[in-house]
1. At residue 9 and residue 89, where each label point lies 7 Å from the Cα along Cα→Cβ, what is the point-to-point distance in nanometres?
2. Using packing as a proxy for protection, rank 126-136, 108-118 so that the peptide with the highest average count of other Cβ atoms within 10 Å comes first.
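Here, each number is a calculation from the coordinates, and none is a lab measurement. Note that this is a predicted model, so its numbers are computed, not measured. Here the Cβ positions follow ideal geometry from the backbone for every residue, glycine too, while neighbour counts run over all protein chains shown.
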Amino acid sequence: MTALKQMEVIEKKIGDNTFYIKKFPAFTAVNISGELAAVLAPFIGGVAAVAGKGNAEAESGDNPVNILDTDIEDAMPVFTQAFSNLSGDKFERLMKKLMIDHKNVSVEGESTDGEVKLLTYDIANEVFCGDVQDMFVLCFEVIKLNFNGFFKKIGTRFGGLTAALKKVPATESGETSTQAASRNSK
């Protein structure tokens, strides 16, 4: 009998810690995907531009790039800019869902005395104290593991999502003209 997908663990070294990440159960992923889509909307266009940079096929829309294949180092400035306008409460709630609430991440490092421990609120506060950027990197890795297929398939289904998103002009605040129009119509 093969191992259950939910039990597979990937290992990621981030900063001075090693994280062990499991996939979400399907219905948990569906639950999180709605909130994730709302939070990610401001930065998908920017990351799509980074992901497709230098890729003529992606720019033409003939071979859409999976935005989650983007190197986190390249995406971090776009990530930071896009999330600068988000509610801190919403963002904190999403990060807790991605890393803590569903008991899908464990950590090993100095903060855990070299033991592998389930990432809890208190342990996360200790591990990421002074290194909050590593928390963003971990969230990115959790998203890649759990939603990679979704982002790859959405680009294929909508014929060159990367190329289309790169063409959407952004306002000074970083929002697209479509987002600004939607906000102004309310």
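1. Modelled inter-label distance: 3.6 nm.
2. So the peptides 126-136, 108-118, ranked by packing, come out 126-136, 108-118.
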